[in-house]
Amino acid sequence: MPGWVEVILKSLTLIVVLFTLTKLLGTKQLSQMNVFEYISGVVLGGVVAIHTFDPEANIFYAILAMFIWFVVPFGVEKISLKSKAFRNFAEGKSTVFIQDGKIMEDNLKKEGYSTDDLLEKLRDKDVFLASDVEFAVLEPNGTLNVLPKRENRPLTAKDLGIKLAPQKEPQTVIMDGEVMYESLANLNLDLTWLETELEKLNVSIENVFLGQADTDGQLYVDLFDDSIAVPSPTEKPLLLATMKKAQADLELFALSTENQQSKELYQRNSKKMQDAINKIEAYLS
Amino acid sequence: MTVGSQVKGCYASIKNIEASLQTLANKAQETESQQAFKEVQQIVNEVKADLGKQIIYLSREEPQYK
């Protein structure tokens, strides 16, 4: 067998073996690799590299070596799933860098982090003042996670006491002009609904590049033809506006009538409408 | 416009609101939103009933505009 045929055959075999082993080792993202996965990745690559072009090398040795380098990390991973102590050893433990707003100098030194390194990591998390941090921890994979002090955290709806309507993920119902029946069914909607909505927007289904519907059944579309302007859904804002107008009208009637009984009726209903608006406003925006 | 026709216009808007709330309640996926829409629809329904009575009363008061 000429040397070059051998190289081709070996390469193909080793590609298949390497691919299978890597798949079996797990689909953790590269950035989340622990020490063992990192080492075995490097070695597996090296073994393959050496054996592909060296005609002297025995391919069975290559496969044997790869097998060993696969079995050990694989075993480590399986055992560390079961045992916390073993996990601490194999994958490392997280180190607290800042606690109660105070920097732990000993821990910094232990992990080999200089003050500059710490500040850089903090800036990575948009923290420029170390005293803004309540708690910071270095994860085994090398990222620093930061919990800012209460007053430095981003403002949320909960902090402001605002009630928000629950929202689930929107579904993509049209892709490249094709209807996605499964996502439509997920929203309990059907083709008739889609056709009606598209008719309201005055566009044909073939012209829709992307169409998404939210949980309240409002359709948002992007067209192939970018020169056509598509109106955004108006149903909810329109409803809110109509409610506000009706409420204002009732108030006006109450003010303009002389009849005491009618006045009372208008006032009572205007109040009810206001209640209704307050209750539904979060869901309509 | 007479008061009667103004109130009738408002009555029409309220009917429209009730219908829109009904559609939204039917389309909503979350039980929480669904309930909110239904609850508000109930309130609007009460307003509608009251206003309906008022229209009848007004049409008796202003028979010349009928």
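Sort A:V173, A:V221 by heavy-atom solvent-accessible area, probe 1.4 angstrom, most to least.
Largest accessible area first, the residues go A:V221, A:V173.
Sorting A:F209, A:F70, A:F36, A:F128 by accessible area (1.4 Å probe), largest first, what list results?
Of A:F209, A:F70, A:F36, A:F128, the descending order of accessible area is A:F128, A:F209, A:F36, A:F70.
Hey, if we sort A:V71, A:V16 by accessible area with the 1.4 Å probe, largest down, what's the order?
A:V16, A:V71
So what does A:K244 come to for accessible area, using a 1.4 Å probe and Å² rounded to 10?
Rounded to the nearest 10, that gives 90 Å².
At a probe size of 1.4 Å, how large is the accessible area of A:F67, to the nearest 10 Å²?
So the heavy atoms of A:F67 present about 110 Å² to solvent.
Using +1 at the C-beta of Lys and Arg and -1 at the C-beta of Asp and Glu, which of A:L255, A:N269, A:I280 has the Cα lying farthest in the positive direction of the dipole of the stretch A:236-284?
A:I280
Which one of A:Q171, A:L239, A:G112 has its Cα pushed farthest toward the positive end of the charge dipole of the protein assembly as shown, where Lys and Arg give +1 and Asp and Glu give -1 at the Cβ?
A:L239
Consider a paramagnetic label point 7 Å from the Cα of A:V5 along Cα→Cβ; state which residues of the stretch A:42-72 have an amide N under 20 Å from it.
Answer for the stretch A:42-72: A:52-60.
Note the per residue figure in Å³ for the convex hull of the C-alpha positions in the protein assembly as shown.
Given the Cα convex hull of the protein assembly as shown, per-residue volume reads 275 Å³.
Could you give the size of the charge dipole of the protein assembly as shown about its Cα centre, using +1 on the Cβ of each K and R and -1 on the Cβ of each D and E, expressed in debye and rounded to the nearest 20?
1280
Modelling each spin label as a point 7 Å along the Cα-to-Cβ direction, I'd like the B:A49/B:E62 distance in nm, to one decimal.
2.6
The values are calculated or read from the model by the stated rules, or taken from the named source; none is laboratory data. Predicted, not measured: the structure shown is a model, and the values here were computed from it. Cβ atoms come from the backbone with ideal geometry, glycine included; neighbour counts cover every protein chain shown. Quick note on the areas: whole protein, heavy atoms, side chains included, nothing else; ligands and nucleic acids left out. Shrake-Rupley method; radii C 1.70, N 1.55, O 1.52, S 1.80 Å.
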